[in-house]
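The values are calculated or read from the model by the stated rules, or taken from the named source; none is laboratory data. Not measured: the values here are computed from a predicted model. Here the Cβ is made from the backbone with ideal geometry for all residues, glycine too, and neighbour counts use every protein chain on show. Just the protein is used for accessible areas: all its heavy atoms, side chains included, with ligands, DNA and RNA removed. Shrake-Rupley method; radii C 1.70, N 1.55, O 1.52, S 1.80 Å.
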Amino acid sequence: MKNRIDEMFEKKQNLLSIYFTAGFPALEDTMPILRGLEKAGVDFVEIGMPFSDPPADGPVIQLASIDALNNGMCIKKLLEQIKNMRSEITMPVILMGYINPVLHYGIESFAADAEAAGVDGLILPDLPWDEYVAKHKAMFDSHHLHFIPLIAPQSPDERIRHIDSQAEGFIYTVASA
């Protein structure tokens, strides 16, 4: 089974990706937002899994995460909201968040539930690439989930080539340090 992210890149080069935080502005907005983005022609979407201490996010996403958490959003709720999305949503869907809530959920349970919901990929900026490869890659692969690594502007070429040799989908390039 081919991942929707790979299919997307085979069909199109200039892509529009949109990020939004699950549970913001209101708890039940996830599916209406997905429907609207699909209808508007967005190529793929990153859904932020709110976290109380998002170190890699700026103030706007931090505030949206706080509001979403205050609204009652959590990983379990997000996965429940999107569990039937594939009956309507065809674009690739990537979940973006932090490893602690995923570990709390149970990483294998999370991967299985994300796969069951039709999620295509994951961005977890605080999960080091080498740890992902050593401990989680085989399990994520078994659930057809692409793990999207991050590189920084100052990443050495050797490190970028190392990540590129094992990455699937795409590599997320951080705009600034």
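Every condition in (1) small (Gly, Ala, Ser); (2) more than 22 Å from residue 172 (Cα to Cα); (3) open to solvent by 40 Å² or more (accessible area, probe 1.4 Å) holds for residue 17 except the one numbered (2). Restricting 134, 138, 112 to those that are more than 30 Å from residue 77 (Cβ to Cβ), open to solvent by 20 Å² or more (accessible area, probe 1.4 Å) and at pLDDT 95 or above reduces the list to 134. The set of residues in the range 143-154 that are assigned to a loop (DSSP other than H, G, I, E, B) and either among the aromatic types (Phe, Trp, Tyr) or open to solvent by less than 30 Å² (accessible area, probe 1.4 Å) (or both) comprises 143, 145, 148, 149.
Contact annotation: residue pairs with Cβ atoms under 9 Å, 6 or more positions apart or on different chains, pairing a residue in the range 35-47 that is closer than 19 Å to residue 87 by Cβ with a partner that is open to solvent by 30 Å² or more (accessible area, probe 1.4 Å) and of a type in the set (Lys, Arg), are 44/4.
Here the condition is being of a type outside the set (Asp, Glu) and open to solvent by less than 10 Å² (accessible area, probe 1.4 Å); of 121, 106, it holds for 121 alone. Does the range 57-66 contain any residue that is more than 28 Å from residue 100 (Cβ to Cβ) and either touching a helix residue (DSSP H, G or I) at 6+ places or on another chain (Cβ under 9 Å) or modelled with pLDDT under 95 (or both)? The answer is no; no qualifying residue exists.
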